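Derivation of every value follows stated rules applied to the coordinates shown; laboratory data play no part. Small disclaimer: the values here were computed from a predicted structure and weren't measured. Cβ sites come from the backbone with ideal geometry, for glycine too, and all protein chains shown count toward neighbours.
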Amino acid sequence: MRRQGRERELLVFDREAVPPRLLVGARAYTLSAGTQDRLSWWLQLAALMAAEPAPHVGLRLRMPVAGATGVHDWDFEVVARDGDRWLLQRALRRGPGRPALQWSAWLDGQRGFLPVDLRFSLDDDEQWALRLLD
């Protein structure tokens, strides 16, 4: 299926297989523990931060994320703290044929590190933002 000029593929998490795998069309990829899809990563990020015994600026968190080209590690770094809120970012530099990408997430320590502000930018142009209202 094509949408907005891009090919779309169905991703299937086959957790009953041994080892568990991701199916994308006729391709199969091994799933690591904790693998997320491209929609639920922000919930896993909150869980990873909540599990940290001593969160601090400079901390790096890694999670496997499934996509059409397989499972890739997404690395987030804690870049700032404002009281009980923590800013984590994932940035990918511009590459040949690829724009610069950045994900930012403010997590609230008083709410179990629930994301209260999520943003995605493409070449420094904000594409979308989600904010939790009190």
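Kirkwood Rh over alpha-carbon pairs of the range 33-131, then Stokes-Einstein at 4 °C and 1.567 mPa s: what D in µm² s⁻¹, rounded to an integer?
Working: Rh = 13.9 Å.
Rounded, D is 93 µm²/s.
Using the C-alpha atoms of the range 1-81, what convex hull volume per residue, in cubic angstrom, is computed? Each step should come with its number before you reach the end.
Working: hull volume 9.4 nm³, N = 81.
In the range 1-81, the Cα hull volume divided by residue count equals 116 Å³.
Got a sec? Charge dipole of the chain, +1 on Cβ for Lys and Arg, -1 for Asp and Glu; which of Pro96, Phe76, Ala33 is way out at the positive end?
Pro96
Between Arg8 and Asp124, what's the calculated FRET efficiency when r is the beta-carbon distance and R0 is 30 Å? Round to 0.05.
Working: r = 26 Å, r/R0 = 0.88.
E(calc), rounded to 0.05, equals 0.70.
Pairing the Cα long axis of helix 41-51 with the longest principal axis of the chain, what angle in degrees results, from 0 to 90 and rounded to the nearest 10?
Approximately 50 degrees, to the nearest 10.
What does the extension gain come out to for Leu43 and Ala91, with contour length at 0.36 nm per residue minus their alpha carbon separation? Intermediate results must be reported in sequence, preceding the final value.
Details: separation 48, 0.36 × 48 = 17.28 nm, distance 1.84 nm.
Result: 15.4 nm gained on full extension.
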